[in-house]
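Below: one structure, written as structure tokens.
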Amino acid sequence: MNSTILKCWNTSRMAHIHPSGKILPHRSPRSLTKSSKSFSRKRRSPSNSWRSARQEFQQHPELLPTNVSAATVDSLIGFCLDNSYFEYDHQFYAQNRGGPMGSPLTVELAEIRVAQIETLALTSSPDPPFLYRDFVDGGFGRFRDRDHANTYLEFVNSLSSDLVYTIEHPHTDGSLPFLDVLIHRDNTNSVYRKPTHTDKYTHYSTAAPQNTKDALIRSLTTRAYKLCFPHHLTKELAHIRQVLLDNGYP
């Protein structure tokens, strides 16, 4: 049985979904419109994420607060997206596509859209994965083999033109990272760190509050105990100890 990781990207190149859950807009000249100081312009067409949110709230009004209709939420979403302005080089611009960086609304719309596509894929695929779990833009699936995984990937990408999924197969040693967990061939877990990880944390000699430094120790050790199987735990705790020593901790 083969495990894989699916990653989701926005093909408009206006906003790609980052693993942190943030939406990072790539603003190109085609995506910007110079605006007058009055900020008056026509309402833009709803994006696929906006349409997905509209459909979700219309079909499941119980998700909304009492006395708030789907139409009201739709109007509020449109108002927020229609008023995404910013200043650059003494000129005001309006963003035509994607969502404003740092906006909680942009994140929510992206998650609704991704959830809609993944739900559709799992319920309509003629040969779905045996297991599928997702978090924001990443998904972990179990398949019969690589051909099964690649076929499912093609099917998912056929469902939407604005989102493209990529795939990551297990490493040569059979391990596969998902979030900060490294899943081993024997179905045990340990902590995963990206190759670019530097193990640099708040140095003990800095003027940061002592409770911040104490929290660093607690968070690293708590993660180790929660994620690591017993035979991986000793190695992880030894790594944490060395990292703390390298960062000046007594």
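Here is the size of the stretch 135-216 from its Cα atoms: Rg then Dmax, 18.6, 54 Å.
The alpha carbons of the stretch 49-108 give a radius of gyration and a Dmax of 13.8, 45 Å, in that order.
With semi-axes defined as the square roots of five times the eigenvalues of the C-alpha gyration tensor, the equivalent ellipsoid of the stretch 109-157 measures 19, 11, 9 Å, largest first. Here the stretch 101-250 is described by how far its Cα atoms reach on the three principal axes: 57, 41, 23 Å, from widest to narrowest. Net charge dipole, the stretch 123-250: roughly 620 debye, given to the nearest 20, about the Cα centre with Cβ charges of +1 for Lys and Arg and -1 for Asp and Glu.
None of the figures in this text is laboratory data; all of them are computed from the coordinates on show. From a predicted model like this one, the values you see are computed outputs, not experimental measurements. Please note: Cβ atoms are built from the backbone with ideal geometry, for glycine as well, and neighbour counts cover all protein chains shown.
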